Amino acid sequence: MKYQSQKVALAYFACAMILFAAQVTFGLVLGYIYVAPNFLSELLPFNIARMIHTNALVVWLLLGFFGASYYLIPEETERELHSPKLAYIQLVLLMVGASAAVIGYLFRIHEGREFLEQPLWVKLGIVVAALIFLYNVTMTVLQGRKTVITNVLLLGLWGIALFFLFSLYNPANLTVDKMYWWYVVHIWVEGVWELVMASVLAFMMLKLTGVDREVVEKWLYVIVALALFTGLLGTGHHYYWIGTPGYWQWIGSIFSALEILPFFAMVMFTFVMVWKGRREHPNKAALLWALGCSVLAFFGAGVWGFMHTLAPMNYYTHGTQVTAAHGHLAFFGAYVSMNLAIITYAMPYLLGRRPYNQVLNMASFWLMASGMSFMTFTLTFAGVVQTHLQRVLGQGFMDVQDQLSLFYWMRLGSGVVVVLGALLFIYATFVPRREVIETVNPAAAPAE
Amino acid sequence: MSEGLTKSQARNIFFGGSLFFFVVFAALTGHSHYYAVSKSTNAQNLTDAVVRGKRIWEKHACINCHTILGEGAYYAPELGNVFVRYGGKDDPAGAKEAIKAWMTSQPSGIPGRRQMPNFQLTDPELNDLADFLEWVSKINTQGWPPKDSG
């Protein structure tokens, strides 16, 4: 840690991990409700548990983005943060808002649009926290060295805040409501979040592989250009069947099919950098997460997204378990893994020690990655069967669901593995102990 | 990365291209907004009751179990066309009554069966909700869903 104010990131990462634990725990409860529907059905109905599962996810990912920004911006701009104090105030605001929202949900205090269930005052609190954050990081960047990584990161963060404002607009016409709802949801995860993801990965590649900044930055521009060129009009794949014009079937199909390109570019980028890199960074776990992130994002967001994005396909699969399968691996691969990568990378520096618990950390990667992949496969099979029975043969929804229970049992099993992996990750990251296995001397290691 | 591309060229392509695609996207959503309110959603039938029904739909977070026009959770049936499924095309009054009866009879408490909470809706609220679902069922969704099963 070169700058004292980077320490702010530690508090953000710790809070993110608390919500991560909550998110996967509620995920497990939901998976169990799928196979035992009477479980907690009066106390904690499915809709409330799901709101906590998705909201906790989004908030902890954002906390991770903020933490990552506070960690890397001082190093990139070569100066201390504008105000560490404001950063802590922002964190308190966000945690108060998030806790109040979750507790409120349990007492049925919520709004009713998917993912945007936060009561208005929580939404406004989020906006205030975002403004504090943007002020803080923008001032830091303006006064320091400007790099492509900070430019792209800042653009992504500003985009997150600006597009969140559409959450305050809830028109009475459901079709219009849905159109602008996607301005938040799609343009976040298939637009500006990719800017954050790509810039954090670029920072990690720079540090882990020692490749020239010039090369990394050129890649970064190409990746984010591909992301926005395809992702903006790719929003059209949500405008097929909601009362919007038919031309979206062409625009959405073409551009969202191309959304696989930025993810493919990220795989190429990370692997080429590691291949060309001359530096042997001791934090192998961070490297595993970074490479795992680009690969799993490529499959989860790219391949599984493409699978049901063409309008003639989506006509049958829209709103089935195929969507759930894609959603799980896409979020895990792209944004969960990216956050866990930067946390794994930054924590030893934040604690002022050499990389620790690397074997445990890498074990947690394989647990989570395999558990989540298996979950994605089972949900995909469930979705394919559902699509055929319900959308082709026209069987009733519940009759079809009853035939899918085997898949839901397997999904529950994979969910247990993911939760164990998540807890192991948190343990490995926050309970450092003396490293058991000495880092191999790079000179002594056999060449591949 | 290609040697032919300089960093400043890459930057200009990124900013210029993104701006271009954003403007195209914003213009198309502007048109779609107009199309929705003037053509596809029968906006003239968007009565106060329908609007109240949408708020009830939101107040109880129905979307976190059900889908509506395919969006939401995938735990409970699609409701965009529930009005059609209940025979609303031939007998609108009957379909409304069936929807209301279903709502008030929950939860079933049957073991092994997915449980829908009872939201304790009053009769006027149930009417508003049914009106909302009727209005939604008439949105022009380009022929989706493929079957009445939703």
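Read-outs: derived from the displayed coordinates by stated rules, not from any lab. Since the model is a prediction, treat every value here as computed from it, not as a measurement. Because the Cβ atoms are built from the backbone with ideal geometry, glycine has one as well, and the counts that use them run over all protein chains shown.
How much length would be gained if the chain were fully extended between A:Val127 and A:Ala172, taking 0.36 nm per residue of separation minus their Cα-Cα distance, in nm to one decimal?
In short, 13.9 nm is gained.
Given the peptides A:261-268, A:302-309, arrange them by the average over their residues of other C-beta atoms within 10 Å, most packed first.
A:261-268, A:302-309
Normalised by the empirical 2.2 N^0.38 Å for globular proteins, what value does the Cα Rg of the range A:1-132 take?
1.20
Can you give the FRET efficiency to the nearest 0.05 for A:Ile89 and A:Leu420, using r as the Cβ-Cβ distance and R₀ = 51 Å?
0.90
By how many degrees, 0 to 90 and rounded to 10, does the Cα axis of helix A:120-143 deviate from the longest principal axis of chain A?
30
Enter the angle in degrees (range 0 to 90, nearest 10) between the Cα long axis of helix A:260-276 and the first principal axis of the Cα atoms of chain A, meaning the one along which they spread out most.
Value to nearest ten degrees: 30.
Roughly how far apart, in whole Å, are the Cα centres of the range B:1-63 and the range A:236-295?
22
Mind checking A:147-154 for the average number of partner chain beta-carbons within 10 Å of each residue's beta-carbon?
Mean number of neighbouring Cβ atoms from other chains: 1.
What shape does the range B:31-100 have by the C-alpha gyration tensor, where a ≥ b ≥ c are the square roots of the eigenvalues, rounded means a/c under 1.5, and otherwise prolate means a/b greater than b/c and oblate the rest?
It is oblate, given that a/c is not under 1.5 and a/b is not larger than b/c.
What's the ranking of A:109-120, B:87-98, A:19-30, A:188-199 by average number of surrounding C-beta atoms within 10 Å, highest first?
The peptides rank, most packed first, as A:188-199, A:19-30, A:109-120, B:87-98.
Give me the log10 of I(q) over I(0) for chain A at q = 0.07, 0.08, 0.11, 0.13 Å⁻¹, as the Debye formula computes it from C-alpha points; what are the numbers?
-0.34, -0.45, -0.87, -1.26
If I stretch the segment between B:Gln120 and B:Lys89 completely, what's the gain in nm (0.36 nm per residue apart, minus their alpha carbon distance), one decimal?
Extending this stretch completely gives an extra 8.4 nm.
Membrane-span-like helices in chain B: DSSP H runs reaching 20 Å or more (Cα, own axis), mean Kyte hydropathy at least -0.5?
Result, helices passing both filters: B:7-35, B:123-137.
Of B:Arg85, B:Arg113, A:Arg50, how do they rank once you tally other Cβ atoms within 10 Å and put the fewest first?
Least crowded to most crowded, the residues run B:Arg113, B:Arg85, A:Arg50.
Between 0 and 90 degrees, rounded to the nearest ten: what's the tilt of helix A:405-430 against the longest Cα principal axis of chain A?
For A:405-430 against chain A, the angle is about 20 degrees.
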